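Working notes for the structure below.
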Amino acid sequence: MRVATIALLSNLVAKTEATGFRDLVETATHRELKSNAAAVDGAEDQHRRAQNNCFTDQPPSAAWHPQYSSGWTNGFCRFTVDCNSPAYTSELLCCRGAYAGQTSGTCLSSLPSPPTMSPTESGGLDVYYPDYATSWAAAGCINTRPLPSGRPTYSSQIACCSGAYAGQTSGKCLSQLPSPPTMSPTEPGGLDVYYPDYATSWIEAGCINTRPLPSGRPTYSSQVACCRGAYGGQVSRVCLNQLSSPPTPSPQVTLAAKSAKGRKLSQGATFGRRLEESVSEETRSSKARKLLR
């Protein structure tokens, strides 16, 4: 009887200890899981706060952010949550704001419908720039992509020629325009200005409007203005005589010319009379000498 009682009591104690042990394990496990969950929640909450830039309670919204880790040339925008870059409401605004001037066009090319950059000619940019890779006399303005870094740009090809190649005597830049200007010639093939012909001697030279205009040569709005400005006092009157309607000399000039001619004739007549008188005197003297002999 005593043995049976002891066995029963031992069995009850074992069951009690097992139950207590299980409870202890379950309690510890629950506490550990709860602690881990709290740690995870805390980490996620801290991550969300960090993504919001300023650690506010309001979680950030996803937006378009530049991907600086890709570098400038290969940079693009991604729709994500990022606290280390500015946020944009659209991919296009992100490209324009974060990658303005990106010559590779990587960001814009990643758009669903990439912009064509409003080309003025097929395949070109909407701006023109001088072609520094070609010698100045043979160069013009182009809108080939990509735009070289630091290159000045102009809104149109003619504006580029006027700004970057003003004074280009070869006229190469302007000749590349779809409708090259004719420079309003006053005569077929000529310029709209006249300049003195320094290649000819001054007394025989006149004013011309032959293209191209020599560098540094003074110009005049008309041929007669050029003659008066560059060949004033030219006694040969070659320049003025080349005009379509040469001006007639003024009466004073004509009178002076006649007077000069009269003086020359008078001087010639006087010299002739003196020569004749000298010859006559010599003849008389010779006859007198013969008679004395």
Being surrounded by 14 or more Cβ atoms within 10 Å (Cβ to Cβ), in a helix (DSSP H, G or I) and aromatic (Phe, Trp, Tyr), is that true of even one residue in the stretch 217-229?
no
For the stretch 204-216, how many residues are closer than 14 Å to residue 242 by Cα and either surrounded by 12 or more Cβ atoms within 10 Å (Cβ to Cβ) or under 28 Å from the mean Cα position of the chain (by Cα) (or both)?
5
Would you point out the residue of the stretch 176-216, among those that are among the aliphatic types (A, V, I, L, M) and touching a helix residue (DSSP H, G or I) at 6+ places or on another chain (Cβ under 9 Å), that is modelled with the lowest pLDDT?
183
Where residues in the stretch 119-161 are of a type in the set (A, V, I, L, M) and open to solvent by 70 Å² or more (accessible area, probe 1.4 Å), which of them is modelled with the lowest pLDDT?
158
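The values are calculated or read from the model by the stated rules, or taken from the named source; none is laboratory data. Only a predicted model underlies this, so the values are computations on that prediction, with no experimental measurement involved. Note that we place each Cβ from the backbone using ideal geometry, even for glycine, and neighbour counts take in every protein chain shown. All accessible areas refer to the heavy atoms of the entire protein, side chains included, with ligands and DNA or RNA removed. Shrake-Rupley method; radii C 1.70, N 1.55, O 1.52, S 1.80 Å.
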